[in-house]
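The values are calculated or read from the model by the stated rules, or taken from the named source; none is laboratory data. If you're wondering where the values come from, they're calculated on a predicted model, not measured in any experiment. Cβ: placed from backbone, ideal geometry, glycine included. Neighbour counts: every protein chain shown. Quick note on the areas: whole protein, heavy atoms, side chains included, nothing else; ligands and nucleic acids left out. Shrake-Rupley method; radii C 1.70, N 1.55, O 1.52, S 1.80 Å.
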Amino acid sequence: MDKIKVEICVGTTCFILGASELQELERFLPEGLRDKVDITGATCLGMCKDDNYGQAPFVRVGNRIVSNASISSVIEQIEEQLKHR
Amino acid sequence: MQANDANRVRRELLIKIVREFMQGNLAEKIDRIPYELRPRDGQSSRCCVFKDRAVIKYRLMAILGIGVENETDEAKPLSEYLQDALDRELPDEDILSVLDVACSHCITSRYLITNACRGCFARPCTFNCPKKAIAVVNGQARINYDLCIDCGKCTQVCPYHAIIRVPIPCEEACPVNAIRRDEETDRQYIDFKACISCGKCMTACPFAAILERSQIIDVLKLIKAGRKVIAMVAPAIVGQFAGKLGQIAAALHHAGFARMEEVAYGAEMTTTHETEEFLERMKKGDHIMTTSCCPAYVEAVKLHVPELLPFVSDTPSPMRYTAEAVKKQDPDAFTVFIGPCVAKRKEAVADQNTDYVMTFEELGAMFAAMQIDVSSQEALPLDRDVKGYARGFATSCGVSAAILEELHQSHPEIEMPEINKQFINGLDHKTVKQLALYGRGKLPGNFLEVMACEGGCVGGPCAIGKVTLATAAVKKAAAGEV
Ligand code: FES
């Protein structure tokens, strides 16, 4: 099965509003998920434009965008997508 | 800096201010911001939205560079403060203030018996308390706070670790006891005669009640007016943004700065000069020399450790050298130091060549507001060839490493005094006491490097990147990878 792509936005807006913490996602990933995802950093995903910066940081999991992303909400989204496979 | 809600709120406010200002709407919108962020039927983070709004108003004032202390009329609207900010020529000298409405007036009794107490048979707490302040009531130990003298004996002897010390975070963090409670008004205040502007209280306060006055409006005003503004970036900047140094230069250019100058360039000069100074001082018979590049540390020595003062290097800091060089080349330009530091604001006031100081956090907010993404910039070539060790100034021990390298290169023939370097990585109550011992020659070492922030500048109060990652990035830069 293909791995789920997890792109952490490290664009400047996301970075200052919390993505710098998300860089530790890998560390907190439950054992069982490790080989099911492919985590990368991404340049600005284009979600922060205009007044939407309040929703940053953004992470793209598969083709879903997680806004206000935290390590736990990203893990939840990964699990959710694995369920529906 | 650790991620938390308070930091996030401050950053969002900064972004908002920059956006509205650059779009020319700030004067009209600023008074509405507290209401927009905390609408009547929305959620509050404190007791109610009304208090939240009051706090937001003061935060916005701080972003405008205006302290709570400057408030004479509570009803004065933010738009008028904005005008004051735009009219001023020079930034304020005081930097930090305690926002009493946000302060939670943390309890003064510092020891607390938790539920882990099992009211045991041996009761070492009651026996070891020198004031007989502990008694067991209904199967649990209790402290009589009228008798307690905060000695902490009980915490050490409890087999269950059931007694904890509850600190007052700002007081605990201040290395020089400059923040304390005014007994009469019961308010927390900063004693500016003792304050070294290290910013530790600001990051320690969980209620975000300590505010730093920003100069961002002053800088934006110049940029908007098309003036020539030069960004002098501290070596700690690598690792603060996901992007390379050349990309940061490009982003700064987009944001309206005429160009970027690396303060590492000044760090080279500091190094050369400080090296010579070290040799001279050793020849003269001094027992020790200590570094001068960390402004909070230098201030701490000036105000609190007279014994060590004669041994502080006279060499100007990298910021000063850089600013001097920039002004020489470009007398009409404005210089803005950009770093992770609160104390640099104070140092800059005394330096005629450094006009303004911005923090990495403010720069990040500026990029975000202007929708400039560092990581997608095309890197600009760096115009200056800076030595690797100078880029390493931002981590603890960076300075000594630089000096040693310099000594070795510039004086291979010279008879070198034996170097015994010592580091103090972060000021706190304990290390400040050690400083005095170094001054009196009671501790070994002839070269003492001190950084007020743990980890060096990368651990500064206004940094945005994680310290571990930022340190790695600075080390890489020092090794020539930018
Ligand atoms: S910076 Fe993350 S979406 Fe733009």
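Taking 0.36 nm per residue of sequence separation and subtracting the Cα-Cα distance, how much length would be gained by fully extending the chain between B:Tyr35 and B:Asn138, in nm to one decimal?
32.1 nm
What does the C-alpha gyration tensor say about the overall shape of the protein assembly as shown? Classify as rounded when a/c is under 1.5, otherwise prolate if a/b is larger than b/c, or oblate.
In terms of gyration-tensor shape, rounded.
Given axes a ≥ b ≥ c from the Cα gyration tensor, I'd like to know whether the range B:110-166 is rounded (a/c under 1.5), prolate (a/b larger than b/c) or oblate.
rounded
For B:Ile424, enumerate residues with amide H under 5 Å from its amide H, sequence gap 5+ or separate chain, H modeled in the peptide plane.
Sorted by chain and number, the residues that satisfy this are B:Glu449, B:Val450, B:Met451.
Ignoring ligands, DNA and RNA, please state the percent of accessible area on the range A:4-83 from carbon and sulfur, probe 1.4 Å.
Of all accessible area on the range A:4-83, carbon and sulfur atoms account for 43 percent.
What order do you get for B:294-306, B:431-443, B:239-251 when each peptide is scored by the mean count of other beta carbon atoms within 10 Å, highest first?
Order by mean packing, descending: B:239-251, B:294-306, B:431-443.
Rounded to whole Hz and in sequence order, give me ³J(HN,Hα) for the range B:149-165 from the Karplus expression 6.51 cos²θ - 1.76 cosθ + 1.60, θ = phi - 60°, writing x for Gly and Pro.
10, 6, 7, x, 3, 4, 5, 6, 9, 5, x, 9, 6, 7, 10, 10, 9
Identify all lysines with a Cα-Cα distance to B:Lys132 below 20 Å; exclude those on the same chain that are fewer than 8 residues away in sequence.
B:Lys153
What is the percent of Cα-Cα separations in the range B:260-303 that go past 11 Å?
Tail of P(r) above 11 Å: 71 percent of Cα pairs.
Multiplying the sequence separation of B:Ala350 and B:Arg46 by 0.36 nm and subtracting their Cα-Cα distance, what value in nm do you get?
105.6 nm
Just list whichever of B:Lys344/B:Lys430; B:Lys51/B:Lys466; B:Lys228/B:Lys387 have alpha carbons separated by over 30 Å in the model shown.
B:Lys51/B:Lys466
Using alpha-carbon pairs under 8 Å, 6+ residues apart, how would you state the relative contact order of chain B in percent?
This gives 18 percent for chain B.
Output the 0 to 90 degree angle, nearest 10, between the alpha-carbon long axis of helix A:71-83 and the longest principal axis computed from the alpha carbons of chain A.
50 degrees
Provide the buried accessible surface between chains A and B in square angstrom, both chains summed, 1.4 Å probe, rounded to the nearest 100.
The summed interface area works out to 1900 Å².
Of B:Ala350, B:Cys106, B:Ala325, which is farthest on the positive side of the dipole of the protein assembly as shown, counting Cα position, with +1 on Lys and Arg Cβ, -1 on Asp and Glu Cβ, and the Cα centre as origin?
The residue sitting most towards the positive pole is B:Cys106.
Take peptides A:32-44, B:34-46, B:212-224 and line them up by average Cβ neighbours within 10 Å, highest first, as a rough protection proxy.
B:212-224, A:32-44, B:34-46
From the alpha carbon gyration tensor of chain B, can you work out the equivalent ellipsoid semi-axes (sqrt of 5 times each eigenvalue) and give them in Å, largest to smallest?
Each semi-axis is √(5λ); the values are 39, 34, 19 Å.
Add -39500 (n - 2.57) for each DSSP H run of 4 or more in the protein assembly as shown, then divide by its residues: what number comes out at 222 nm, to the nearest 500 deg cm²/dmol?
Here the helix-only value at 222 nm equals -11000 deg cm²/dmol.
In the range B:330-482, what percent of the accessible surface is made up of carbon and sulfur (1.4 Å probe, ligands and nucleic acids excluded)?
Carbon-and-sulfur percentage of accessible area, whole number: 52.
Keeping every protein chain present and rolling a 1.4 Å probe, give me the accessible area per residue for chain B in Å².
45 Å²
Relative contact order of the range A:4-83: what whole-number percent is it, with Cα pairs under 8 angstrom and at least 6 residues apart?
38 percent
Under the Kirkwood approximation applied to all pairs of distinct alpha-carbon atoms, what is the hydrodynamic radius of chain A in Å?
That comes to 12.7 Å for chain A.
One-quarter of the Cα convex hull surface for the range B:186-301, in nm²?
11.6 nm²
Hey, what did the range B:28-170 get for relative contact order, percent, Cα under 8 Å, at least 6 apart?
19 percent
Using the membrane-span-like helix rule (whole DSSP H runs, Cα extent along the own axis of at least 20 Å, mean Kyte-Doolittle hydropathy at least -0.5), which helices of chain B qualify?
Qualifying helices: B:5-22, B:49-63.
Just counting partner chain Cβ atoms within 10 Å, what average do the residues of peptide B:368-377 show around their Cβ?
The shielding value for this peptide is 6.
If you roll a 1.4 angstrom probe over the protein chains with everything in place, what fraction of the accessible area of the range B:188-249 belongs to carbon and sulfur, to the nearest %?
So the carbon and sulfur contribution to the accessible surface is 56 percent.
Around B:Tyr111, which amide H atoms from residues at least 5 apart in sequence, or from another chain, sit under 5 Å from its own amide H, with H modelled in the peptide plane?
Those qualifying (amide H under 5 Å, at least 5 residues apart or on another chain) are B:Val166.
So for the pair B:Arg384, A:Arg34, with labels modelled 7 Å out along Cα→Cβ, what separation do we get in nm?
Between B:Arg384 and A:Arg34, the label points sit 4.5 nm apart.
In the range A:1-35, which residues give up 50 Å² or more of accessible area once the other protein chains are added, compared with their chain alone (1.4 Å probe)?
Buried by 50 Å² or more upon assembly, which counts only protein chains, are A:Thr12, A:Phe15, A:Ile16, A:Leu17, A:Glu21.
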